[in-house]
Amino acid sequence: MTRHFQEEGPSGGDGRPDAEDESLLNRRSLLAGTAGLVGAMLMGPMRLAAEATTEISPEDPTRVPGAAPTAYGQRSAFEKALRIPRSWWSSLTPLQDSHGILTPSSLHFERHHNGVPTIQPAQHRLLIHGMVDQPWTFTMDDLKRFPSVSRLAFIECSGNSAAEWRGPTGQTAQQTHGLTSTSEWTGVTLKTVLQEVGVHPDATWMLAEGGDAAAMTRSLPLASILDEAILCYAQNGEPLRPEQGYPLRLLIPGWEGNTCIKWLRRLKLGRAPFMTREETSQYTDLMPDGTARQFTMVMDAKSVITSPSGGQHIQPGFLEIRGLAWSGRGRIASVEVSTDGGRSWRQAALQEPILPKCHTRFHLPWRWNGEDVILQSRCLDDTGYRQPDRTTLVAVRGVNSVYHYNAIQSWHIAADGKVSNVHA
Amino acid sequence: MRNILTVGVTTILGAGLLWAEGPADRQEQTHGYGLGRPATDQEIRAWNIDVAPTGEGLPAGQGTAKQGAALFAARCATCHGPTGKEGPMDRLIGGAGTLASQHPIKTVGSYWPYATTLYDYVHRAMPFPAPQSLSPDEVYSVVAWLLYQNGIIAEDTVLDARSLPDISMPNRQGFLPDPRPDVPKP
């Protein structure tokens, strides 16, 4: 504890240059002299700092000093929301515990195909080759020197809700819809970097490859992504989390998460799709007639009530119905909520900011009178696309397509207040 | 040198649809920011592992199903089953004629449209605990075994960079472009 305090003491840690004016130097001398004493005084709180990560709390927090500052913050020990690691391949965001539109980086869903690699940023390179003027390579420092852009965007795995095709499966909103998350992403636009390299005008497709043990690859139609794609090195104000592609990932706002290649190490320009495994045998949508749709990149509009939602118990009286809506085609224009299984609908209020290709929070005040009811939400985006009901969606696509399930979600509230997933 | 290069490439780019707005200032020209450096041939060779449907990217080497059988048993069967049908991971063999049924079985034989993809993926990502560890001869061999077991090639067919792209996969015509929005409005 004491050593920790000395390291964080007045001789360093504040980021100021060494050469300072005299008064600051004097202040530093004074602080250095009293460091031992202050350190001793802080022993109590320092002990508490360790305890702040436990559930041991003083009887009256106004009667004892609180915890000391920490180098990297943690949430309260009383908060328990967790991702559900579903398998070696993915973990799900606890949407039922979410507030607002941002997903904490630590709770952003994961999907990877052979684990999360450990990559030293100083050694990482982005290679751009194929139909370019000259093959080129960038370090992370190079990429960070380009003009930067930031935007909020959701990323949704196209396999989100996949188990719902065949029947109500997930018990909670996390299990039915937890493969979507929203972050602020920062990086350099793909267009800027490709312009720097010089792309042959006949290049129409770009292979993006990850530096993970799956060397994950997708072919991307260049004209469709050039306006919005970002090579991201930061998420929610700090470098990407390892499971989100550290140190570099692609973001294509509104497109299925698999196209947003993580641990990005290579871009190859060509005239045709490269037909990788992930865009042929995977991430293609099998239709009832046995044909499959390929390059179904955009995530259509979708919404889910996050509270009350599956697995929760509610009490009669007032509650606010809360949920998230998003569209890969643009902004959410409206969200309607039904408390009678879809017979009637009411407009929910949309919480600002309402951003394109981003989670949008909606609210509706409600009073539950203890009756057996079914809650649903449906959204409309600014292209005029309306989230379909399950029957209509299945009538077109059958139940074998695996990907892109975006039907209206129904939550049944039983008379005892228990909320469960049903298909209504 | 740089000026000549920049002007030359800018002219090319300006003619392309994607870059139609044209470079407004020097920084929007090729190498306008002066960041990065040319990639070396060695750097490109180390990572340039993709194999296109044309066969571009296939290395020298060859293999047959006979040679692949032992390799599959030793390196693949733990996850995919002794005959490639048992799992626990992806089923690789069989499933012909099931795609339009209630329980489609998507395998290399029934679903995959290109044999070249199989080479790319086996080399790139398999075996799961040791990706990129198989030699070209080993990859050709295990690809040959999978295609033979699916009834697509003969047991003694020699696969190499010339023969693999010519293989006609049963579901080659099974893929259509994205027709969405496809759901009628209520």
* Structure fact -> Taking the range A:156-205 and the residues there that are within 10 Å of chain B (Cβ to nearest Cβ) and part of a loop (DSSP other than H, G, I, E, B), the one that is surrounded by the most Cβ atoms within 10 Å (Cβ to Cβ) would be A:GLY198
* Look through the range B:161-180, keep the residues that are farther than 19 Å from B:LYS106 by Cβ and either open to solvent by less than 50 Å² (accessible area, probe 1.4 Å) or modelled with pLDDT under 95 (or both), and return whichever of them is farthest from the other protein chains (Cβ to nearest Cβ). => B:SER163
* Asked: Does any residue of the range A:352-360 turn out to be on the phi < 0 side of the Ramachandran plot and basic (Lys, Arg)?
  -> no
* To do: With respect to B:LYS185, determine if the residue is open to solvent by 30 Å² or more (accessible area, probe 1.4 Å), more than 9 Å from chain A (Cβ to nearest Cβ), assigned to a loop (DSSP other than H, G, I, E, B) and among the charged types (D, E, K, R).
  => no
* Asked: Given (1) open to solvent by less than 30 Å² (accessible area, probe 1.4 Å); (2) within 29 Å of the chain's Cα centre (by Cα), where does A:VAL373 come up short, assuming only one miss?
  -> (2)
* Asked: Within the range A:376-405, which residues are over 28 Å from the mean Cα position of the chain (by Cα) and part of a loop (DSSP other than H, G, I, E, B)?
  -> A:GLY398
* Return the residue satisfying two criteria in turn: it lies in the range A:116-152 and is within 18 Å of B:GLY32 (Cα to Cα) and of a type in the set (Lys, Arg), and of such residues it is nearest to the other protein chains (Cβ to nearest Cβ). => A:ARG145
* Asked: Within the range B:34-45, is there a residue that is modelled with pLDDT under 95 and either open to solvent by 70 Å² or more (accessible area, probe 1.4 Å) or closer than 24 Å to A:ARG271 by Cβ (or both)?
  -> no
* Asked: Looking only at the range A:113-133, which residues are in a loop (DSSP other than H, G, I, E, B) and either on the phi > 0 side of the Ramachandran plot or crowded, with 22+ Cβ neighbours inside 10 Å (or both)?
  -> A:GLY115
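Conditions tested, residue by residue: (1) assigned to a strand (DSSP E or B); (2) within 14 Å of chain B (Cβ to nearest Cβ); (3) in contact with a Cys (Cβ under 7 Å, 6 or more places away or on another chain); (4) of a type outside the set (Asp, Glu).
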site: A:ALA234; (1), (2), (3), (4): yes, no, no, yes
site: A:MET275; (1), (2), (3), (4): no, yes, no, yes
site: A:PRO288; (1), (2), (3), (4): no, yes, no, yes
site: A:ILE305; (1), (2), (3), (4): yes, no, no, yes
site: A:SER309; (1), (2), (3), (4): no, no, no, yes
* **Where B:ASP50 falls short, out of the listed (1) touching a strand residue (DSSP E or B) at 6+ places or on another chain (Cβ under 8 Å); (2) open to solvent by 40 Å² or more (accessible area, probe 1.4 Å); (3) assigned to a loop (DSSP other than H, G, I, E, B)** => (2)
* Structure fact -> Counting only residues in the range B:123-160 that are closer than 15 Å to B:THR64 by Cβ, open to solvent by 20 Å² or more (accessible area, probe 1.4 Å) and aliphatic (A, V, I, L, M), the one farthest from the chain's Cα centre (by Cα) is identified as B:ALA154
* Does B:THR30 satisfy being on the phi < 0 side of the Ramachandran plot, open to solvent by less than 20 Å² (accessible area, probe 1.4 Å) and at pLDDT below 95? -> yes
* Would you call A:ARG322 within 12 Å of chain B (Cβ to nearest Cβ) and of a type outside the set (Ser, Thr, Tyr)? -> no
* Asked: Among the numbered criteria (1) crowded, with 18+ Cβ neighbours inside 10 Å; (2) in contact with a helix residue (DSSP H, G or I) (Cβ under 6 Å, 6 or more places away or on another chain), which single criterion is violated by A:CYS379?
  -> (2)
* Specify the residue that is farthest from A:ILE321 (Cα to Cα); the eligible residues are those in the range A:390-422 that are surrounded by fewer than 17 Cβ atoms within 10 Å (Cβ to Cβ) and in contact (Cβ under 8 Å) with a residue 60 or more places away in the chain. => A:VAL399
* Asked: Residues in the range B:93-111: is at least one part of a loop (DSSP other than H, G, I, E, B), touching a residue at least 12 places away in the same chain (Cβ under 8 Å), within 8 Å of another protein chain (Cβ to nearest Cβ) and among the hydroxyl-bearing types (Ser, Thr, Tyr)?
  -> yes
* Asked: Counting only residues that are at the interface with chain B (Cβ under 7 Å from one of its Cβ atoms) and outside any loop (DSSP other than H, G, I, E, B), which one in the range A:277-286 is farthest from A:GLY159 (Cα to Cα)?
  -> A:ARG277
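The values are calculated or read from the model by the stated rules, or taken from the named source; none is laboratory data. For clarity, every value in this text was computed on a predicted model and none was experimentally measured. Glycine also receives a Cβ, built like all others from the backbone with ideal geometry; neighbour counts cover every protein chain displayed. Side chains included, ligands, DNA and RNA excluded: accessible areas come from the protein's heavy atoms. Shrake-Rupley method; radii C 1.70, N 1.55, O 1.52, S 1.80 Å.
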